[in-house]
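Structure first, then comments.
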Amino acid sequence: MMIKRRDLLAAGGALLGGAAFGALAPMRSAQAHEYELGKLTIEHPWVRAPKDGETTAYFYAFVHNKGGADKLIAVKSPNVGKVTLYSDAKEATVAAGGVAIAANKTTTLSPEGAHVALAEVKKINPVGWGMELVLVFEKAGEVTVDAAVDAPDAKHAHDAEAMQRWEKAHPEGGTTSPAGGAEEHHHDHHDHDHKDDHKSMDMK
């Protein structure tokens, strides 16, 4: 099944910008882009795609916690060769034991802070679609999310301007094999700034 995020947004979804956050009209978790796991709610998961010819993407999301402290200890995908969790935007500090999820607060994974680097990406859907990832929390367990694939220079989720720039540079669309094709979306984290959302497709 394929979910076209841009169609959903046009039908009435609320866009998110910068550090602001909200939920799309409730339909089902994949469409609302919100996932429940015990006391945790993972909202608006998204991936900043690699730049053309590169194979490192970055994962971000809002993690709302209504319970005790937890940690994001892993992100899994058969299409990712190496995953590293960082405590800061410049990737100077690897998150010891995982990214801390504070009790009764919202933890934001973003280009300006803690984030997850997805290296050696073997396959990724085109910008505007989605990437299936399994998030592993120390206490809450695992949850599968459909993360929106956003443009390599997206500053936040639903970054319409970044999407327009990407579409202008890739009139033929995108490929699903990172470092190989001409029409691709990959990037190196040190350019950080991003967030956008559009369409989503189940990965196999």
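The values are calculated or read from the model by the stated rules, or taken from the named source; none is laboratory data. These figures come from a predicted structure and were not determined experimentally. Cβ placement follows ideal geometry from the backbone for every residue including glycine, while neighbour counts extend to all protein chains displayed. Heavy atoms of the whole protein, side chains included, go into the accessibility calculation; ligands, DNA and RNA do not. Shrake-Rupley method; radii C 1.70, N 1.55, O 1.52, S 1.80 Å.
Tabulated results
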{"quantity": "Pair list, Cβ < 7 Å and 6+ apart or interchain, from segment 156-167 residues that are closer than 13 Å to Ala49 by Cβ to residues that are open to solvent by 50 Å² or more (accessible area, probe 1.4 Å)", "calculated": "Ala162/Asp153; Ala162/Lys155; Arg165/Asp153"}
{"quantity": "Any chance Tyr60 is open to solvent by less than 10 Å² (accessible area, probe 1.4 Å) and either aromatic (Phe, Trp, Tyr) or over 12 Å from the mean Cα position of the chain (by Cα) (or both)", "calculated": "yes"}
{"quantity": "Residue check for Lys4: surrounded by 14 or more Cβ atoms within 10 Å (Cβ to Cβ), modelled with pLDDT of 95 or more and more than 15 Å from the chain's Cα centre (by Cα)", "calculated": "no"}
{"quantity": "From the options Lys76, Lys51, Lys82, residue that is touching an Asp or Glu at 6+ places or on another chain (Cβ under 6 Å) and either at pLDDT below 95 or surrounded by fewer than 21 Cβ atoms within 10 Å (Cβ to Cβ) (or both)", "calculated": "Lys82"}
{"quantity": "Residue, modelled with the highest pLDDT, within segment 157-183, restricted to residues that are of a type in the set (Gly, Ala, Ser) and in contact with a Leu (Cβ under 9 Å, 6 or more places away or on another chain)", "calculated": "Ala160"}
{"quantity": "Leading residue by the ranking (nearest to Val136 (Cα to Cα)) among those in segment 85-102 that are surrounded by fewer than 12 Cβ atoms within 10 Å (Cβ to Cβ) and of a type in the set (A, V, I, L, M, F, W, C)", "calculated": "Ala96"}
{"quantity": "All positions within segment 87-105 that are in contact with a Gly (Cβ under 9 Å, 6 or more places away or on another chain) and either closer than 17 Å to Ala49 by Cα or outside any loop (DSSP other than H, G, I, E, B) (or both)", "calculated": "Ala89"}
{"quantity": "Extreme residue, farthest from Val145 (Cα to Cα), among residues of segment 19-43 that are at pLDDT 95 or above and in a strand (DSSP E or B)", "calculated": "Leu40"}
{"quantity": "Subset of segment 106-130 [part of a strand (DSSP E or B) and either at pLDDT below 95 or on the phi > 0 side of the Ramachandran plot (or both)]", "calculated": "Glu120, Gly130"}
